[in-house]
Amino acid sequence: MTNDIMTNIIKGISTTLKGLSITFRHLFASHKKRELLPASDNNYFKQLEGTNTIQYPHQKLPIPEVGRYQLDVEMDDCIVCDLCAKVCPVNCIDIESIKATEAIGQTSDGTTKRLYAAKFDIDMAKCMYCGLCTIVCPTECIVMTNQYDKTVFQLSDLTYQFSDMSPEMAAEKRKEFDVQQAERQAAKLAAMQKKEGGA
Amino acid sequence: MNFYITYFIIAIGLFGFSALFALFGVYAERKVSAFIQDRLGPTETGKYGSLQTFADILKMLQKELITPAAADKLLFILAPAIIFIAVYLGFAALPWGPGLVPAKLNLGLYYVFAIISIETLGILMAGWGSNNKYSILGAMRSAAQIISYEIPAGFAIISVVMIAQTLNLQTISSQQGILSTETIKFSGFWDVTSTGGFFAWNIFRAPHLIIAFVIYFIASLAESNRAPFDIPEAESELVAGFHTEYTGLRFALVFLAEYSMMFLVSMVGVILFLGAWNTPLPNIGPVHLATWTTNAGWGILWIIIKTLTLVGIQMWIRWTLPRFRVDQLMALCWKVLTPLAFACMLISGVWRLFLM
């Protein structure tokens with residue numbers, strides 16, 4: 001019984017001294033600034049001894065170019081196929097397309113564009129960074145960038161709007177398409193009547 | 001008439017000193033904790049972040065003083081003032097150098113320990129007045145802890161007083177150096193009355209006082225509610241304990257009291273055990289180091305250096321040891337420290353009878 005108390009006391013004192021010696025060593029140990037190496041470097045983990053924490057806004061760790069941080073869309077290359085919106089597990093991509101009256105150009109890989117994107121919104125607050133949208137994209141226009149420090153003051157600022165069409169322009173294109181559709185319908189009707197009349 | 005002006009100057013000086021020390025103490029604490037954890041601490045405000053605590057206090061001065069609707073208004077408002085004044089009044093009897101003491105009290109030591117126990121009352125008032133379960137839990141823990149730890153601290157102090165035979169802090173101080181009017185013996189056999197230096201300090205005059213000093217130091221950590229005895233304000237359990245509901249200047253006063261208390265208990269420890277304002281340098285033959293470094297100016301320097309060293313050790317311990325559980329806290333106090341303090345007191349009596 002007394003032996004237990006004595007061993008407890010001795011253990012208490014010795015462990016306290018051990019702890020104090022460790023913190024004392026650290027008090028003077030780490031005055032080196034951290035060298036900025038990417039995590040893939042061989043010396044990366046050796047750096048943890050004797051250095052300070054990274055002073056973030058002043059020091060930034062290099063990250064791979066192909067990092068998966070923010071979504072970005074190159075609208076010139078987008079054919080508005082809606083595949084990314086369909087594959088997204090959390091439905092964070094919202095696309096509204098307008099059919100064009102004719103081919104409106106080509107993407108950089110030679111695919112013909114036939115649809116206007118009236119709306120191409122990505123809600124980064126919902127995004128889970130799985131990267132599926134970048135895989136299904138046939139023209140590789142939706143990519144993930146290495147931008148990671150994105151702070152906004154309003155939640156709505158996290159909805160990135162990639163479409164460069166104004167509502168007026170969208171309305172005009174819609175009207176043009178409707179007119180073309182109506183013309184085609186009329187032509188079809190006329191052709192049918194002609195056919196019936198001829199028979 | 002003139003002595004009233006002196007009183008005011010001394011009172012304002014002591015207040016200014018404790019306020020400045022709190023600013024410096026908070027900065028030092030943040031830097032020490034940062035270096036121990038391989039961080040840098042404050043770096044942005046001023047050179048090396050040195051203006052950080054000034055910025056903090058400026059922010060606190062501008063904050064609204066919020067009194068919770070359900071609080072007991074009178075107790076809630078009075079509590080920070082009582083907590084701070086209790087600690088601040090303790091400084092009145094502490095000697096700073098030969099002939100330099102704000103109030104020459106015969107019962108100085110008794111007065112200091114009586115007045116700083118009033119802090120418990122302030123903490124209880126703050127906890128009860130806040131009308132908040134975390135606050136009252138913190139206050140109850142604080143009261144239980146401070147009252148328990150006053151017993152080993154008290155007996156450790158009594159073992160010094162038995163050696164010194166006085167409660168006057170200035171007399172206790174001058175006994176531990178070359179200004180002593182009685183013979184001092186290092187460890188009870190070597191006469192060091194004219195040698196002075198650290199040989200004449202109380203912990204070396206009677207070596208069992210080293211144990212008494214450790215007991216006092218541990219108990220003083222508990223009395224100033226610092227880790228590892230910070231269960232009254234355990235962040236992870238009680239938000240901030242008894243000062244959860246305080247804002248702005250009232251919160252600043254509670255903080256000021258905590259840091260002043262750190263300095264006060266360390267200074268009392270230095271006065272009782274570590275030679276007060278006496279120099280650590282002894283007279284060696286023709287080199288009269290002790291004589292050269294003993295006067296009012298050197299006295300202030302020595303006592304501040306020694307006290308700040310103890311404060312530094314308090315911080316070092318805080319950032320090393322985890323918090324005690326309540327039952328461990330009480331077990332340490334009643335089963336280890338109190339019997340040891342009794343033993344020290346017994347040895348002091350025997351020492352006084354046979355070796356002095």
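Every read-out reported here was derived from the displayed coordinates using simple, explicitly stated rules and does not represent laboratory data. This is a predicted model, so every value here is computed, not measured. Backbone-built Cβ (ideal geometry, glycine too); neighbour counts: all protein chains shown.
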*Calculated over segment B:3-96: convex hull of Cα atoms, volume per residue (Å³)*: 177 Å³
*Using Cα centres only, tell me the gap between segment B:143-168 and segment B:233-308 in whole Å.*
18 Å
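Taking a quarter of the surface of the Cα convex hull of segment A:69-150, what do you get in nm²? Don't skip to the end; give the middle numbers.
Values: hull surface 21.1 nm².
So the Cα hull casts an average projection of 5.3 nm².
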*Positive dipole terminus of chain A, leading residue within A:Gln147, A:Gln106, A:Ile13 (C-beta point charges)*: A:Ile13
*Spatially proximal lysines relative to A:Lys46 (Cα-Cα < 17 Å; intrachain offsets below 8 disregarded)*: A:Lys32, A:Lys33
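Quick one: plug the Kirkwood hydrodynamic radius of the protein assembly as shown (C-alpha pairs) into Stokes-Einstein at 20 °C, 1.002 mPa s, and report D in µm²/s.
On the way: Rh = 29.6 Å.
It diffuses with D of about 72 µm²/s by this estimate.
Translational diffusion coefficient of segment B:171-213 at 20 °C, 1.002 mPa s, Stokes-Einstein with Kirkwood Rh over Cα pairs, in µm²/s as a whole number. Don't skip to the end; give the middle numbers.
Working: Rh = 10.0 Å.
Stokes-Einstein gives a translational diffusion coefficient of 215 µm²/s.
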*Working out 0.36 nm times the residue gap between B:Leu355 and B:Phe8, then minus their Cα-Cα distance, what length gain in nm do you get to one decimal?*
120.4 nm
*B:Met1 to B:Ala81: FRET efficiency via 1/(1 + (r/R0)^6), r the Cβ-Cβ distance, R0 22 Å, to the nearest 0.05?*
0.15
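Provide A:His58, B:His288 in ascending order of the number of other Cβ atoms located within 10 Å of each residue's Cβ, fewest first. Intermediate values should be presented prior to the final figure.
Values: A:His58 9, B:His288 16.
With the sparsest Cβ surroundings first, the list reads A:His58, B:His288.
Other chains near A:4-17: what is the mean number of their Cβ atoms within 10 Å of each residue's Cβ? Don't skip to the answer; put the middle values down first.
Numbers: counts 0, 2, 0, 0, 3, 4, 0, 0, 2, 1, 0, 1, 4, 1.
Per residue, the average neighbour count from other chains is 1.
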*How far is helix A:167-198 tilted off the main Cα axis of chain A, in degrees rounded to 10, range 0 to 90?*
40 degrees
*Could you state the number of Å between the C-alpha centres of segment B:23-102 and segment A:87-124?*
60 Å
_Order by protection proxy (mean Cβ within 10 Å, highest first), peptides B:215-225, A:103-113_ = B:215-225, A:103-113
*How large is the charge dipole for segment A:30-188, taken about the Cα centre, if only the Cβ atoms of Lys, Arg (+1) and Asp, Glu (-1) carry charge, to the nearest 20 debye?*
400 debye
*How long is segment B:162-247 along each principal axis, judged by its Cα atoms, biggest number first, in Å?*
55, 23, 21
*Restricting the count to DSSP beta bridges whose residues both fall in chain A, what percent are antiparallel, rounded to a multiple of 5?*
95 percent
*Take the alpha carbon atoms of segment A:129-193, find their center, do the same for segment B:185-219, and report the distance between the two centers in whole angstrom.*
86 Å
*Please express the shape of chain B as an equivalent ellipsoid: the semi-axes are the square roots of 5 times the eigenvalues of the C-alpha gyration tensor, given largest first in whole angstrom.*
36, 24, 20
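Per residue, what volume in Å³ does the convex hull of the Cα atoms of segment B:92-219 enclose?
Numbers: hull volume 13.7 nm³, N = 128.
Per residue, the Cα convex hull of segment B:92-219 comes to 107 Å³.
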*Just the Kirkwood number for segment A:125-199, please: inverse of mean 1/r across all distinct Cα pairs, in Å, one decimal.*
17.5 Å
_Averaging over every viewing direction, what projected area does the convex hull of the Cα atoms of segment B:55-113 cover, in nm²?_
6.6 nm²
*asked:* Report the Cα-based extents of chain A along its three principal axes, largest first, to the nearest Å.
replied: 119, 42, 31
*Tilt of helix A:2-29 relative to the longest C-alpha principal axis of chain A, in degrees (0 to 90, nearest 10)?*
60 degrees
*Could you pull out every residue, at least 5 positions away or on a different chain, whose amide H is within less than 5 Å of the one on A:Ser97? Hs are placed 1.01 Å off N in the peptide plane, and Pro or chain starts have none.*
A:Ala118
_Angle in degrees between helix B:108-129 and the longest Cα principal axis of chain B, rounded to the nearest 10_ = 10 degrees
_Over the Cα atoms, compute the radius of gyration (one decimal) and Dmax (the largest Cα-Cα distance, rounded to a whole number) for segment A:1-84, in Å._
25.4, 83
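Placing unit charges on C-beta atoms (Lys and Arg positive, Asp and Glu negative, everything else neutral), compute the dipole magnitude of segment B:39-115 about its Cα centre in debye, rounded to 20.
Details: 6 positive and 4 negative charges, 30 e Å.
Using Cβ point charges on Lys, Arg, Asp and Glu, segment B:39-115 gives about 140 debye.
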*If a/c stays under 1.5 just call it rounded; otherwise compare a/b with b/c (prolate if a/b is bigger, oblate if not). Do that for segment B:226-356, with a ≥ b ≥ c from the square roots of the Cα gyration tensor eigenvalues.*
oblate
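Which trypsin sites (Lys or Arg not before Pro) in segment B:31-126 sit in a loop by DSSP (not H, G, I, E or B) and have at most 13 other Cβ atoms within 10 Å of their own Cβ?
Details: sites: B:Lys31, B:Arg39, B:Lys47, B:Lys59, B:Lys63, B:Lys73, B:Lys104; in loops: B:Arg39, B:Lys63, B:Lys104.
Sparse-neighbourhood loop trypsin sites (Lys or Arg not before Pro): B:Lys63, B:Lys104.
When only Cα pairs under 8 Å and 6 or more residues apart are kept, what is the percent relative contact order across segment B:218-356?
27 percent
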*Toward the positive end of the charge dipole of the protein assembly as shown, about the Cα centre and with charges on Cβ (Lys, Arg +1; Asp, Glu -1), which of B:Leu51, A:Phe177, B:Ile184 goes farthest?*
B:Ile184
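Could you work out, residue by residue across B:311-324, how many beta carbons of other chains sit within 10 Å of that residue's beta carbon, and then give the average as an integer? Intermediate results must be reported in sequence, preceding the final value.
On the way: counts 0, 1, 1, 0, 1, 4, 4, 1, 4, 10, 5, 1, 0, 0.
Rounded to a whole number, the mean comes out at 2.
At a temperature of 20 °C and a viscosity of 1.002 mPa s, determine how fast segment B:126-170 diffuses translationally according to Stokes-Einstein, using the Kirkwood radius over alpha-carbon pairs as Rh; express D in µm²/s, rounded to the nearest whole number. Show your work: numbers first, answer last.
On the way: Rh = 12.7 Å.
This corresponds to a translational diffusion coefficient of 169 µm²/s.
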*At 222 nm, what helix-only mean residue ellipticity would chain B give, in deg cm²/dmol to the nearest 500, using -39500 (n - 2.57) for each DSSP H run of four or more?*
-21000 deg cm²/dmol
_Partner chain coverage, peptide B:36-43 - average Cβ within 10 angstrom_ = 5
_Give the residue list of GluC sites (Glu not before Pro) in segment B:28-102 that are DSSP loop and have at most 16 other beta-carbon atoms within 10 angstrom._
B:Glu44, B:Glu64
